[in-house]
Each structure stands twice: as structure tokens, then as C-alpha cells.
Amino acid sequence: MKPTFSQRLDTYTRNSLPVFVTLLLVLINVLPLHIPGLSRIVPILPLMAVYQWAVYRPNLMPPLAVFFIGLMFDVLSGTPLGVNAVVFLTVYGVVIYQQRFFTAKSFLVVWFGFGVVAMGASILSWILVSILSASIVEPRAAVFQYLLNFGCFPLLAWIFLRWQNAMAKTE
Amino acid sequence: MFPRGFEHRQNGALVKENPRVISRIAQPIKGLAQRFVYVGLILAAFALMMLGKVDAVLVERARTVVTDTVAPILDAVSKPVASASKFARRVEALWAMYEENEALRQDNARLFQWQAVARQLESENNSLRSLLNFTTRADIAFISGRVIADTGGAFAHSLLLNAGSRDGIQKGQAVVTGEGLVGRITGVGSRSSRILLISDLNSRIPVIIEPGRVRAVLAGDNTDTPRLIHLPPGSILSQGDLVITSGHGGAFPVGLAVGVVSVVSENGAKVQPYVARDRLELVRAIDFGLAGILRAEPIEERPVAVPPATLPEQPSTTSTTDSLPAPPLTDSAPE
């Protein structure tokens with residue numbers, strides 16, 4: 001049976017929602033929260049989202065979207081253009097490449113995987129920014145940011161997992 | 001992609017091919033295409049990085065366009081966040097009201113003494129100015145704006161402001177709060193602009209350290225306490241020395257409070273800025289009436305330091321001895 005227009009629109013909206021939500025996270029990430037000391041080490045929410053969707057539903061997070069999410073993050077956060085695009089795409093690529101490692105594993109394994117991948121992402125962005133600014137950038141803030149990334153991941157992942165489970169049920 | 005139940009004739013007989021077989025052939029092709037897209041995107045990102053190095057102006061313009069587009073959203077969303085944090089701070093303040101009151105009372109008494117001193121100095125200043133026939137600039141205007149985004153990152157220290165070129169913001173303007181210098185404008189859209197904080201890696205601000213009027217350049221290094229570089233040899237600094245803008249290079253007004261020297265060691269001095277980045281909500285850009293004076297090349301490459309021997313004698317109003325091409329912003333007395 002051919003799906004009606006409204007049905008197709010519905011599927012389309014539902015399928016593009018993960019990307020939109022991740023773009024929204026980029027905006028939320030740059031909001032001034034007025035909490036002392038936080039702005040420098042605020043966890044990178046879109047990174048978590050890209051990782052989470054790459055693990056569970058890579059088809060809803062195409063590489064082109066990952067590229068634009070990274071680019072958007074670069075534009076708003078003021079990092080050299082392209083740095084986070086490369087970092088996000090690398091995270092995405094690593095997860096897709098190691099897909100078998102993640103399938104049907106417990107959440108702890110996925111969390112551990114994020115710990116490893118996010119560390120790689122922090123180191124990669126540190127290297128890229130250092131090269132582009134032709135100096136050794138202070139790494140301390142990046143270390144704290146990584147720790148916060150790692151610590152905050154279950155929170156965001158829990159929300160996304162519920163969503164993904166609900167999706168699986170309707171299908 | 002492929003129609004289900006793909007049919008074709010083989011040896012005259014109709015063969016219904018299993019769709020699984022098709023997908024087994026199509027999968028690697030699809031995978032290859034996707035891999036191609038993936039590698040292409042990574043290369044594109046690297047190309048953008050190169051472009052940012054080669055043609056910084058173009059990339060900055062593109063950045064401004066995007067920022068301008070999202071500015072209204074950020075503006076709308078950041079308002080409730082700001083009021084929520086303000087409310088939290090107010091509740092927090094309620095707890096400590098008694099102690100704070102006591103502290104403020106003591107502060108008040110101390111400030112009254114300062115006020116007396118300031119009044120005396122002001123009249124003294126006025127009389128000395130009239131002696132020298134010195135004129136102060138009167139054409140300084142302020143443009144206020146709200147911080148709508150704090151970039152939140154370990155690698156870049158900048159803020160977005162909800163005012164742009166239509167409000168009179170221009171590239172290079174100094175941004176201040178009542179406490180002191182925040183940074184300068186580096187990108188301007190029509191309704192938003194980007195402030196480069198003094199702690200950012202790319203920030204270089206010519207400063208004077210009081211007392212002694214030692215000249216130096218305040219260089220951000222992505223920590224909360226920027227460094228002092230190009231200190232003249234033999235200059236003596238101590239903890240608590242006042243750091244103000246010198247106005248050299250032409251982009252900044254003279255005498256904006258920046259911070260105090262917090263650490264002095266063999267490998268340089270660090271400055272604790274007066275302005276705490278996290279509490280910033282409303283800021284003001286100083287329209288100094290000198291449009292486009294900020295050049296593309298960084299200021300640090302110009303020799304700013306002068307021989308230390310001439311420093312103490314040199315009055316600030318005539319310190320034009322260095323090789324800066326732009327006219328100093330200090331008002332020199334008519335000769």
C-alpha cells in the first residue's frame with residue numbers, strides 16, 4: 001500500500017527529528033548559564049548526541065548532518081571553522097566502524113565506549129586547535145571538559161534511549 | 001532503491017529473483033558510496049580549516065551571517081535562562097543577607113573616604129588641566145547590549161552580543177562593564193556581534209601597569225588569567241599592581257581598568273581580570289569615533305615596549321615614541 005502524503009510527512013518529520021534536536025543542543029550549549037567556572041568546561045552536548053545516535057540509530061544521523069552539526073558548533077562557539085566538524089565526523093566514523101562492538105551490549109559498555117571515543121575527540125580537537133593557532137593551547141580546561149562529558153553522558157543518553165525505545169515500539 | 005520482487009527472463013523462463021540477492025549486491029555499493037561521502041566530508045572540513053587560515057575575512061563573514069540568523073533564537077532563549085539564574089542568585093542572597101549587610105556597611109564607610117579623595121583629585125585634575133589647556137574627548141558614546149551566548153568551550157573565549165552594526169557596533173570597539181574591560185568586538189553582523197574576551201588565545205591588548213607606568217601587552221592564553229608579554233627588561237612588577245589599557249595601537253580608549261597583577265614569577269606575570277566572564281549579562285561597547293582602526297594583523301607584532309630608562313619620566317599624554325603607525329588616542333596638549 002502506498003503511504004499517503006500525511007503519513008509520509010509524518011515519517012519524514014519523525015526521521016529528521018534526531019538531527020534537529022542535536023542542532024538544538026548546539027544552541028543550548030552556547031547559552032550563557034551564569035554559573036561561575038562552568039562556561040569553559042561545559043559538556044559538549046551535540047557530541048554525546050552524535051555518539052548516541054551513531055550507536056543505536058545511525059540511519060537517522062547521516063554523515064552530512066554530522067558535518068553540519070559540527071560546523072554549526074564551530075560557528076557559534078568561535079573555534080576555528082572545521083575543527084568540530086572533523087571531530088564529530090571522526091567520532092561518528094569510529095562508532096560506525098566498530099558497530100559490532102556496540103550491538104546488543106549493555107549500557108555500561110556504551111558508556112565506556114563513549115569514555116574512550118570522547119577522550120579521542122578531546123585530544124583531536126586539542127591537537128587541531130593547537131596546530132591552527134600555532135601554539136600549545138592550555139589543556140587543563142579540555143581535561144575538565146572531558147570529565148564532565150563523561151559524567152553527563154548517561155543523563156542525555158537516558159533521554160535518547162527512551163526515545164529510541166519508543167521508536168522501536170511504533171515500528 | 002530496487003523494486004521488490006525484481007523479475008527478469010532467463011533462458012526464456014520467468015525467474016523471480018530473491019530481493020535478498022539484490023541487497024547483497026547493493027549493500028557494498030551503497031556502503032562504498034557512503035564511505036566516499038564520509039571521506040569527502042572530512043576533507044571538506046579540513047579544507048574549511050585551511051580556508052580559515054588563508055582567507056580569514058571570508059570565513060569571518062560567513063560566520064557572521066550564520067550568527068546573525070540564529071541571534072534572535074538565542075536572544076529569546078537566553079532571556080528566561082538569565083532571569084532564572086538571577087532568581088537563584090536572589091534566593092542565595094537572601095540567606096547571606098545579614099552578613100552581606102554588615103560587609104556593605106563597612107564598605108560604605110571606606111568608600112566615603114575614597115569619595116573624598118576622588119573629589120579632591122578631580123578638582124586638582126581640573127585645575128591642572130586648565131593650566132595645560134588640556135581638552136578631553138567628549139564624543140565617546142556607549143552602546144549597550146545583552147550577552148546571548150557564551151561559547152562554552154575549552155578552546156575559544158568569546159561571547160555573542162545582541163547588538164550589531166544597526167546599533168552602531170563596529171569591529172575593534174572595546175567592550176566594558178562597570179567593573180572593567182571585557183574584550184573587543186571581532187565580528188559584526190547586522191543584529192549580533194562577537195566579543196573576543198581578553199582571556200582568548202588571540203587577544204592582545206596594549207596595557208600600562210600602575211604604578212610606574214610600565215608598558216606591556218596583555219596576551220590571552222585560554223586560561224582565566226591572561227599573561228603580560230613584551231615587558232620592558234628590568235621592569236619591576238608586584239602583586240596587586242593595577243593594569244589599565246594604554247590606548248596604544250589606537251583601538252582602545254586610555255585608562256580602562258583591566259585587572260590586577262596576580263602572579264609574578266620568573267617566567268612572566270599573570271593578570272586577574274576584574275570582570276568575571278560567567279556573570280556577564282549586560283555589557284557596553286565603547287564607540288570611540290575611530291572607525292575601522294583595527295588592522296587585520298595582530299597588534300603584538302609591533303614593538304610596543306620602549307627603553308625602560310625613559311619610562312618613569314614620560315607623562316602619559318605624550319607617550320607617542322613607539323613606532324605605531326596609528327595616532328595615539330591620548331589627547332596631546334596643543335603645542
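The values are calculated or read from the model by the stated rules, or taken from the named source; none is laboratory data. Predicted model, so just to flag it, every value in this text is computed and none were measured. When we count neighbours, we look across all protein chains shown, and the Cβ atoms used for this are built from the backbone with ideal geometry, even at glycine.
Residues of segment B:199-225 that are at negative phi, within 14 Å of chain A (Cβ to nearest Cβ) and part of a loop (DSSP other than H, G, I, E, B): B:S199, B:D200, B:L201, B:N202, B:S203, B:G220, B:D221, B:T223, B:D224, B:T225.
Going residue by residue through segment A:144-158, is there one that turns out to be in contact with a Ser or Thr (Cβ under 9 Å, 6 or more places away or on another chain), within 14 Å of chain B (Cβ to nearest Cβ), without any contact (Cβ under 8 Å) to a residue 12 or more places away in the chain and assigned to a helix (DSSP H, G or I)? Don't jump to the end; show me each part of the working.
First, pick out the residues of segment A:144-158 that are in contact with a Ser or Thr (Cβ under 9 Å, 6 or more places away or on another chain): A:145-146, A:149.
Checking which are within 14 Å of chain B (Cβ to nearest Cβ) leaves us with A:145-146, A:149.
From the residues that got through so far, the ones that are without any contact (Cβ under 8 Å) to a residue 12 or more places away in the chain too are none.
There is no residue in segment A:144-158 that is in contact with a Ser or Thr (Cβ under 9 Å, 6 or more places away or on another chain), within 14 Å of chain B (Cβ to nearest Cβ), without any contact (Cβ under 8 Å) to a residue 12 or more places away in the chain and assigned to a helix (DSSP H, G or I).
When B:I229 is tested against the conditions (1) at pLDDT 85 or above; (2) surrounded by 17 or more Cβ atoms within 10 Å (Cβ to Cβ), the lone failure is (2). Within segment B:1-22, does at least one residue satisfy the condition of being within 11 Å of chain A (Cβ to nearest Cβ) and either assigned to a helix (DSSP H, G or I) or modelled with pLDDT under 85 (or both)? Within segment B:1-22, none of the residues are within 11 Å of chain A (Cβ to nearest Cβ) and either assigned to a helix (DSSP H, G or I) or modelled with pLDDT under 85 (or both). When you check B:L58 against the structure, is it modelled with pLDDT of 85 or more and either more than 14 Å from chain A (Cβ to nearest Cβ) or surrounded by 13 or more Cβ atoms within 10 Å (Cβ to Cβ) (or both), yes or no? Criteria not met by B:L58. Exactly one residue out of A:A134, A:A118 is farther than 23 Å from A:W163 by Cβ and more than 9 Å from chain B (Cβ to nearest Cβ): that is A:A134. Only one entry in B:S193, B:S199 is of a type outside the set (A, V, I, L, M, F, W, C), surrounded by 19 or more Cβ atoms within 10 Å (Cβ to Cβ) and in contact with a His (Cβ under 7 Å, 6 or more places away or on another chain), namely B:S199.
Taking each residue of segment A:77-92 that is under 14 Å from A:L45 (Cα atoms) and facing another protein chain (nearest Cβ under 8 Å) and looking for partners that are assigned to a loop (DSSP other than H, G, I, E, B) and small (G, A, S) with beta-carbon atoms closer than 7 Å, six or more apart or interchain, yields A:S77/B:G152; A:S77/B:G153; A:S77/B:A156. When the residues of segment A:34-93 are filtered to those that are assigned to a helix (DSSP H, G or I) and of a type in the set (S, T, N, Q), the one that is surrounded by the fewest Cβ atoms within 10 Å (Cβ to Cβ) is A:N59. If you go through segment A:64-97 and pick out every residue that is of a type in the set (S, T, Y) and more than 24 Å from B:S203 (Cβ to Cβ), you end up with 3.
With respect to the stated conditions, B:I73 fails to be over 30 Å from A:P80 (Cβ atoms) and within 22 Å of the chain's Cα centre (by Cα). In segment A:1-33, of all residues being free of Cβ contacts under 8 Å to residues at least 24 places away in the same chain and not in a helix (DSSP H, G or I), the one that is surrounded by the most Cβ atoms within 10 Å (Cβ to Cβ) corresponds to A:P32.
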